[in-house]
Structure formats: structure tokens, C-alpha cells
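Asker: Quick one: the structure is below, and I'll ask about it shortly.
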Amino acid sequence: MRDKRALIIDDEPDIRELLEITLARMDIDTESAADLTTAREFLTKENFDLCLTDMNLPDGNGIDLVKLMSEKYPNTPVAVITAHGSMDTAIEALKSGAFDFVSKPVNLEQLRRLVDTALNLRPMDIDAPAGAARLTGHSEAIQRLRMQIGKLARSQAPIYISGESGSGKEVAARLMHEQGPRVAKPFVAVNCGAIPSELMESEFFGHKKGSFTGAVADKEGLFQAAHGGTLFLDEVADLPLNMQVKLLRAIQEKAVRSIGSQQEVPIDVRIVSATHRDLAAEVERGGFRQDLYYRINVIELAVPSLRERIEDIPMHADQILDKLAREYGGAAPTISDDAMETLKEYQFPGNVRELENVLERAFTLCEDNQIEAHDLHLSPAAISSVMLEEQSIDNADAKAGDDDQSLSILTEDFEKKLILDALEATRWNKTAAAKKLGITFRALRYKLKKLELE
């Protein structure tokens with residue numbers, strides 16, 4: 001196995017020497033250039049596993065080299081060295097295709113982590129699109145998404161994933177992590193809207209024992225838990241403004257301070273964020289900080305809605321029904337032509353997640369192991385009853401306030417009572433009980449499993 005080789009481009013001899021010594025101690029051979037012209041000559045003669053370039057060079061700038069490498073040597077990652085505080089320059093380099101950046105004065109520990117990560121990159125393979133097994137479908141939109149994920153997995157730039165609720169934003173984020181150099185490290189996902197505001201700082205950055213009432217032990221934050229890996233911030237638009245400030249600092253300084261601690265701890269995480277809301281519109285109305293928006297939205301990845309790729313619905317449906325059959329037993333039902341046409345005509349405001357709900361319900365209602373159009377309870381022009389049911393339960397729960405039981409719990413208890421009464425009346429003959437309840441045997445078996453009555 002050949003030695004790793006790196007190309008260093010910097011017009012300051014002291015910086016070049018520092019980088020050469022640091023990489024030599026990591027068993028990496030180096031070549032050095034003081035300008036772009038010399039660097040281009042090296043690139044035509046030798047292969048390199050990594051390039052480190054200063055931004056300001058006598059005959060150009062680092063962005064020029066980044067663009068050259070992206071075009072002619074896409075398998076060689078380029079990291080840029082920026083002046084202290086030049087975050088805008090670093091972002092421009094990342095947008096142009098840089099793998100990552102390090103600021104002057106160079107932090108050697110940070111540099112070593114960057115180099116290790118870069119050398120763990122897998123070669124690009126355009127003949128085997130990334131994530132084929134996890135992103136269902138053969139539509140042009142999904143193939144384009146696979147290719148984009150494969151490219152973005154090679155960068156450490158913060159990624160903002162946009163898309164409607166239920167379209168698969170977290171799946172895209174996980175694939176990006178799994179295909180990148182951080183795959184051996186944690187992927188930590190957090191729903192920003194699900195954390196109470198008073199606990200948010202502790203959840204993100206951790207706390208020390210005794211730092212506040214109830215802090216009975218040291219607690220690791222999400223940033224520390226994701227160290228070396230990826231932190232996925234889902235529904236990032238739900239972050240309160242005071243937390244947005246702290247998140248911005250953590251991203252810029254690449255360090256966090258736990259509540260009650262006097263010291264900042266360096267962190268090495270890749271930030272991937274997502275929301276179903278229009279983040280640019282949130283910035284316009286003042287609900288989201290513009291400076292944070294530009295930090296997390298260095299590169300945007302748009303996940304297409306299900307109605308933008310209706311040709312993928314049959315494949316999604318087959319996978320969902322196979323999964324349900326494995327979970328509840330029996331053979332997966334087939335879908336009639338009429339039922340499939342109904343699915344294709346429907347708008348699916350809830351995307352893949354709603355398709356799963358629709359088919360799960362049809363799975364329990366269908367007769368003779370075949371799903372017909374009427375089993376779907378869908379109207380192409382209307383919002384599905386599944387979405388309405390979920391919305392009504394959410395609204396009822398919100399209005400219930402301090403009531404002892406929410407509507408969803410009451411509904412579940414009532415359903416249990418009806419089923420148990422029917423089973424007892426038929427001496428636990430499930431076929432007879434299903435007939436008494438007016439549902440199929442499959443539906444009864446599904447509900448027994450769901451309500452934990454078996």
C-alpha cells in the first residue's frame with residue numbers, strides 16, 4: 001500500500017514548514033509550493049491524497065485551486081487555510097467545493113483531525129449511485145438526489161436539507177453520514193421542536209454536577225455525543241432566538257461550554273440541519289437569525305415530495321406492505337390496478353409517511369388479501385382521513401390541557417374494551433369476534449398486536 005501524499009500551497013515559508021512537520025509525524029509525505037503555478041505543475045506530475053492551500057497566494061487565491069481540483073481531480077479533497085475570523089471566506093471556499101477549512105493561527109489538533117477525516121474519504125464511484133438501497137425509486141428526481149448525496153458526503157460543509165414533512169429528510173441526512181468519512185463515528189439526530197426551552201442549553205451543551213437545581217451528575221450534551229460524527233438538527237426553525245445565538249457560536253468556534261463549566265471544549269462535528277418550513281421566510285419575518293441561516297445553509301439539498309415522483313409509488317407500496325406482512329404475519333396483500341391509480345392521483349401532503357399510514361390502514365381492512373380502491377379511503381382532491389384523524393387528535397390533546405386522559409388514550413381504552421367484550425362473548429374465537437365487530441380477521445389480528453392484547 002503506497003504512502004499517503006499531500007500537497008501544501010502557502011507563500012509563507014514558516015507555515016509550509018509547520019504543515020510539513022505536522023504531516024510527516026502522521027506518516028504523510030508532502031510536496032510544497034509557494035504559488036498556484038508551482039502547485040499546478042505538481043498536480044500534472046503526481047497524484048495526491050490531500051491538498052492544503054492558503055487563501056491568499058501571489059498569483060491567485062485558494063478558491064481558484066478548489067475549483068480546479070473539483071473539476072479535474074475530484075477524488076482529491078482540498079482544505080483551505082483562512083485568516084482568523086474570515087468565516088465568509090471559508091463559506092465561499094466550501095460552496096466552491098472545498099472539503100473543509102482551518103483558520104490561522106493553525107490549531108494543530110484541529111488540523112490533525114481534519115487530515116484524518118479527509119484521508120478516510122472513499123473514492124467517488126459514479127457507476128454505483130450512493131444510497132440505492134435506502135432511497136426508494138428510479139425516478140429522475142430520486143436519482144438526482146442520490147448523486148447529490150454522494151457528492152455532499154465528501155464535503156464537511158454544513159448542509160441544509162429542505163423538503164416537506166414526511167419526504168425523507170432524515171433518511172437523506174443518515175445516508176450522507178454513512179457514505180462520508182465520519183461513518184465510524186456517531187450520527188446524533190435531535191428534533192429541535194421537541195426539547196423544552198428551559199432544558200435546551202443543557203441538552204445541546206451538557207452541564208456539570210450542581211450547576212443548577214436537579215443537576216445531580218455531569219451530563220454530556222448532544223454536541224459532545226456527536227464528537228467526530230454528524231449532528232442532525234431536525235426542525236431547526238423551531239429553535240428559540242436565544243438558543244440560535246449559542247448555536248451560532250458553537251459552529252463558528254468549533255467549541256462548546258457546558259453549563260457550570262469554566263472552560264470551552266473543542267468539538268468536531270458536521271452540522272446537517274432540516275426543516276419543513278421556509279427558512280428564508282423565517283429570516284424575513286425575524287423568527288430566525290440571518291447570520292445563523294448563512295452558517296447552516298452553506299449548501300442546500302432539496303428532497304423532492306412524493307407527488308414530484310409518482311412513478312416511485314408502486315415500489316414504495318411494495319416495500320411498505322412487505323414490512324407490514326413481516327411485522328404482523330401472513331403474506332403481503334396485492335394492490336389492484338384501480339387502487340394503484342388512486343394512490344398515483346392523490347396529492348399526498350404527508351408524503352411517504354402518509355403513504356405508510358394509508359397502506360397500514362388498508363392492510364387491516366382489505367378482503368381476500370387484495371387492496372381495492374375503497375380500502376384506501378382516499379379522494380384525490382381531498383386531504384386524507386388519516387391526516388384529519390391525526391390532526392383532530394393533536395388538537396384534542398392540546399385542548400385537553402391538564403385533563404387526566406387525552407382523547408387518544410380514551411379512544412384506545414374504548415377500542416380495547418370493545419375487542420375484549422367481543423372476544424369474551426365468542427370465548428376467544430378470533431374469527432367469530434372479528435365477524436361480531438364487523439372487521440376482517442386480519443384487522444383484528446393487527447389491532448390485538450397494536451393494543452398488546454395477544
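The values are calculated or read from the model by the stated rules, or taken from the named source; none is laboratory data. On a predicted model such as this, the values are computed, not experimentally measured, just so you know. Ideal geometry is used to build each Cβ from the backbone, glycine not excepted, and the neighbour counts take in all protein chains shown. Accessible surface areas use protein heavy atoms only, side chains included; no ligands, DNA or RNA. Shrake-Rupley method; radii C 1.70, N 1.55, O 1.52, S 1.80 Å.
Asker: Can you tell me which residue among 200, 176, 243 is under 19 Å from residue 294 (Cβ atoms) and either out of contact with any strand residue (DSSP E or B) (no Cβ under 8 Å at 6 or more places or on another chain) or aliphatic (A, V, I, L, M) (or both)?
Answerer: Testing whether each residue is under 19 Å from residue 294 (Cβ atoms) and either out of contact with any strand residue (DSSP E or B) (no Cβ under 8 Å at 6 or more places or on another chain) or aliphatic (A, V, I, L, M) (or both) leaves just 243.
Asker: Which of the residues spanning the range 320-364 are more than 20 Å from residue 307 (Cα to Cα) and acidic (Asp, Glu)?
Answerer: 322, 327 - these are the residues of the range 320-364 that are more than 20 Å from residue 307 (Cα to Cα) and acidic (Asp, Glu).
Asker: Identify, by number, the condition in (1) open to solvent by 50 Å² or more (accessible area, probe 1.4 Å); (2) under 20 Å from residue 115 (Cα atoms); (3) without any contact (Cβ under 8 Å) to a residue 60 or more places away in the chain; (4) more than 36 Å from the chain's Cα centre (by Cα) that residue 41 doesn't meet.
Answerer: Unmet condition: (2).
Asker: List the pairs whose first member sits in the range 184-206 and is within 23 Å of residue 216 (Cα to Cα) and open to solvent by 40 Å² or more (accessible area, probe 1.4 Å), whose second member is part of a helix (DSSP H, G or I) and not charged (D, E, K, R), and whose Cβ atoms are under 8 Å apart, counting only residues at least 6 apart or on separate chains?
Answerer: As it stands, the answer is 197/243; 201/243; 203/222, since those pairs meet every condition given.
Asker: Can you tell me which residue within the range 330-346, out of those that are touching a helix residue (DSSP H, G or I) at 6+ places or on another chain (Cβ under 7 Å) and crowded, with 17+ Cβ neighbours inside 10 Å, is nearest to residue 369 (Cα to Cα)?
Answerer: It comes out as 333.
Asker: Considering the range 22-37 alone, what residues qualify as being under 37 Å from the mean Cα position of the chain (by Cα) and part of a helix (DSSP H, G or I)?
Answerer: The answer is 22, 23, 24, 36.
Here is a yes/no grid of residues against (1) modelled with pLDDT under 80; (2) surrounded by 13 or more Cβ atoms within 10 Å (Cβ to Cβ); (3) in contact with a Pro (Cβ under 6 Å, 6 or more places away or on another chain):
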{"site": "365", "(1), (2), (3)": "no, yes, no"}
{"site": "411", "(1), (2), (3)": "yes, yes, no"}
{"site": "414", "(1), (2), (3)": "yes, no, no"}
{"site": "421", "(1), (2), (3)": "yes, yes, no"}
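Asker: Right, here's the next one. Could you please find all residues in the range 17-30 being of a type outside the set (Gly, Ala, Ser), on the phi < 0 side of the Ramachandran plot, open to solvent by 50 Å² or more (accessible area, probe 1.4 Å) and free of Cβ contacts under 8 Å to residues at least 60 places away in the same chain?
Answerer: Within the range 17-30, 17, 20, 21, 25, 29 qualify.
Asker: Here is a follow-up. Do we have residue 145 as open to solvent by less than 10 Å² (accessible area, probe 1.4 Å), within 28 Å of residue 75 (Cα to Cα) and in contact with a helix residue (DSSP H, G or I) (Cβ under 6 Å, 6 or more places away or on another chain) here?
Answerer: For residue 145, the condition - open to solvent by less than 10 Å² (accessible area, probe 1.4 Å), within 28 Å of residue 75 (Cα to Cα) and in contact with a helix residue (DSSP H, G or I) (Cβ under 6 Å, 6 or more places away or on another chain) - is not met.
Asker: Would you mind finding the one in 267, 313, 296 that is open to solvent by less than 20 Å² (accessible area, probe 1.4 Å), closer than 30 Å to residue 365 by Cβ and not polar (S, T, N, Q)?
Answerer: Criteria check complete, one pass: 313.
Asker: Scan the range 248-260 for residues that are in contact (Cβ under 8 Å) with a residue 24 or more places away in the chain, touching a strand residue (DSSP E or B) at 6+ places or on another chain (Cβ under 8 Å) and open to solvent by less than 30 Å² (accessible area, probe 1.4 Å) and report the count.
Answerer: Selection size over the range 248-260: 4.
Asker: Let me ask something else. Taking helices (runs of 4 or more DSSP H) that do not extend beyond the range 247-345, which have at least 1 residues that are closer than 24 Å to residue 94 by Cβ and within 21 Å of the chain's Cα centre (by Cα)?
Answerer: Per the criteria, 279-284, 290-296.
Asker: Give just the number: which of (1) under 23 Å from residue 121 (Cα atoms); (2) crowded, with 18+ Cβ neighbours inside 10 Å; (3) not hydroxyl-bearing (Ser, Thr, Tyr) does residue 10 not satisfy?
Answerer: (1)
To keep it simple, each residue is scored yes or no on (1) assigned to a helix (DSSP H, G or I); (2) touching a strand residue (DSSP E or B) at 6+ places or on another chain (Cβ under 6 Å).
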{"residue": "39", "(1), (2)": "yes, yes"}
{"residue": "69", "(1), (2)": "yes, yes"}
{"residue": "74", "(1), (2)": "no, no"}
{"residue": "81", "(1), (2)": "no, yes"}
{"residue": "91", "(1), (2)": "yes, no"}
{"residue": "98", "(1), (2)": "no, yes"}
{"residue": "101", "(1), (2)": "no, yes"}
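Asker: Okay, moving on. Residue under question is residue 106, and the condition is that it be assigned to a loop (DSSP other than H, G, I, E, B) and either open to solvent by less than 30 Å² (accessible area, probe 1.4 Å) or among the acidic types (Asp, Glu) (or both); does it hold?
Answerer: It is true that residue 106 is assigned to a loop (DSSP other than H, G, I, E, B) and either open to solvent by less than 30 Å² (accessible area, probe 1.4 Å) or among the acidic types (Asp, Glu) (or both).
Asker: Scan 230, 213 and give me the residue that is of a type in the set (Ser, Thr, Tyr) and within 18 Å of residue 158 (Cα to Cα).
Answerer: 230
Asker: Let me ask another. If you go through the range 95-150, how many residues are modelled with pLDDT under 85 and small (Gly, Ala, Ser)?
Answerer: So the count comes out to 5.
Asker: For the range 218-234, give me the residue count where each residue is surrounded by fewer than 21 Cβ atoms within 10 Å (Cβ to Cβ) and part of a loop (DSSP other than H, G, I, E, B).
Answerer: Adding up the residues that qualify gives 5.
Asker: Just to check your reading of the model, which residue among 215, 237 is over 30 Å from residue 118 (Cα atoms), open to solvent by less than 60 Å² (accessible area, probe 1.4 Å) and not in a helix (DSSP H, G or I)?
Answerer: 215
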